[in-house]
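The values are calculated or read from the model by the stated rules, or taken from the named source; none is laboratory data. Worth saying up front: this structure is predicted, and the values here are computed from it rather than measured. As a convention, Cβ positions derive from the backbone with ideal geometry for all residues, glycine included, and neighbour counts pool all protein chains shown. What goes into the accessible areas is simple: the full protein's heavy atoms, side chains included, and nothing from ligands, DNA or RNA. Shrake-Rupley method; radii C 1.70, N 1.55, O 1.52, S 1.80 Å.
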Amino acid sequence: MGGMRVRGWRSTMWMKRAILLICLLCIGIFPVTSFAQTSGPVYIVQPGDTLYLIAQRFGTSVEELASINGIMDPSVIVPGSELVIPGFEGVSGVLDFHELEFGESISSLSLQLGVPPDSLIKLNRILHPGRLYIGQAVIVTSVSDEVSSPTLKVLLVEEGENKLTFAARNSVNPWDVNSLMDRLNRAWIVRNERIVVSGEETLLHGLPLPIKSVDVEPERVIQGQTLEVIITLQESVDISARMGDRQLAFHTLYENQLVSLQGVFALVHPGMYDLVIEVLDAQREESKFSHTQPIRVVDGEYYYDPVLYVPDETVDSEMIKLEDEVIYSIVNQITDERYWQGIFQFPTSYTDSFPSYFGSRRNYNNQGYNWYHTGLDLYGGVGTPIFAPASGRVVYTGFLDARGNVTYIDHGWGVFTGYLHQSAIEVTIGDWVKTGQQIGLVGATGRVTGPHLHWEIWVGGIPVDPLEWTSEEFP
Ligand SMILES: [Zn+2]
């Protein structure tokens, strides 16, 4: 909402300036072309671009861009038109953006584009070339269509190899290896080091085979949402991965394609978190290769509920801790099989508005905003039917003091759903349920102020926003 306000303010400012310009034009003092700068690199406006967005990405201002390019109305830019970008002295040609994928680095981009690494570093004013994050928009000078960019081959140095034996094993020119080492100011190669050479196999990143690609979705993950990592391999190998301090569990999506789904804690601090992917040896003891790249976790901008006053024992007691332990032990199990397909259905028929959303920050008894709402609340009087949102197996039913009558369903691959405060539970542990099957009735059991369904989705042991799963298909 803040951004909208800024944009509105800018456009009125610009209207004033545009009026001023038109007045000056009337008396013929400044022809409009005199504002246009002719030298410097250009950017070709893409559909959906705004001047504000372009200015932000190139580290300049709307005012400067408009003045250099003689734009009178900054709210109107035409896709396909060329904009001169200020601030890149000595650079010519067409500038573009490349969103960094896991495994890409300045050196792999440099080979791919045929642009020296130093130029890319300068172009992007990069201070730490080793800490480029997933989804980072790297400014590149685009290669013309006729020139085919070289393909990359990433080779891994094995134990006991030197430059010569390494070159021989991989059938590459030893002089290429030599010149690469020269650039690194080093005469030797080390075990598990990645050597990027031009090859016939097309790889778009700097990871060694057998990793063909690593897709991370989304590139910037929001607090309380689901991170999806898909690894495509050339051959079957053991993979170990973690995000921050959380170990990721992988499941087979297709042959030689692995997927991991992991919830990101709603109260985690926004910032950079390392995604580490390792290829393990056959004994799963030693890492043959490891790559670390930061991923951005951004603020979910969740609401802050007013301070809630409840009996002390309902927020901080041994009973509550024991109850939480019961739930954690259920949702931290991982079934290496998937039972669901497609997007999740809503568990009641009230799907337009909700009494309380996932993620809202909560402060009990004025102890600070240390809690948050772990599910989505749905309307429904006592006796409103509850339906399974997806196929799965019932793994827990029972009465808990705070949660009331609860049911938990395992949907496989570490995905669970929970139904709290029910008036009746209509399934038993071990039951298989199908999408849309009635599993219970809405109620007001446990510590509640009135009847409603509190619905939770847990992914990899962390609650996520159910509205994400009712609108998007995983994987
Ligand atoms: Zn709730």
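For this structure, a couple of remarks:
- The chain: C-alpha gyration tensor shape, a/c 1.5 cut-off, then a/b vs b/c: oblate
- Bridging of K212 to lysines at a Cα separation below 25 Å is possible for K153, K163, K288, once same-chain residues fewer than 8 apart are set aside.
- Solvent-accessible area per residue, Å², over region 152-198 with all protein chains present [probe radius 1.4 Å]: 62
- When a 1.4 Å probe is rolled over the protein heavy atoms, the share of accessible surface on the chain that falls to carbon and sulfur comes to 53 percent.
- Per-residue 3J(HN,Hα) values for region 233-250, derived from phi via the Karplus relation 6.51 cos²θ - 1.76 cosθ + 1.60 with θ = phi - 60°, read 10, 7, 9, 6, 9, 7, 10, 10, 8, 8, 10, x, 9, 9, 6, 8, 9, 10 Hz in sequence order (x marks Gly and Pro).
- Mean accessible surface per residue for region 212-298, computed with a 1.4 Å probe while every protein chain stays in place, in Å²: 46
- Nitroxide proxy distance, nm - points 7 Å out along Cα→Cβ at S329 and V91: 5.8
- Near I222, the amide H atoms lying under 5 Å from its own belong to V298; only residues 5 or more places off or on other chains count, and H is placed 1.01 Å from N.
- E159 - accessible surface, heavy atoms, 1.4 Å probe, Å² rounded to 10: 150
- A simple spin-label model places pseudo-atoms 7 Å from Cα toward Cβ; at S353 and W432 they are separated by 4.1 nm.
- The slack between A187 and N365, meaning 0.36 nm per residue of separation minus the straight C-alpha distance, is 57.7 nm.
- Charged neighbours of P79, selected by a Cβ distance under 15 Å, balance to -3 (K, R count +1; D, E count -1).
- Note on K434: aspartates and glutamates with a C-alpha under 16 Å away, same-chain residues under 8 apart excluded, are E337, D410, E426.
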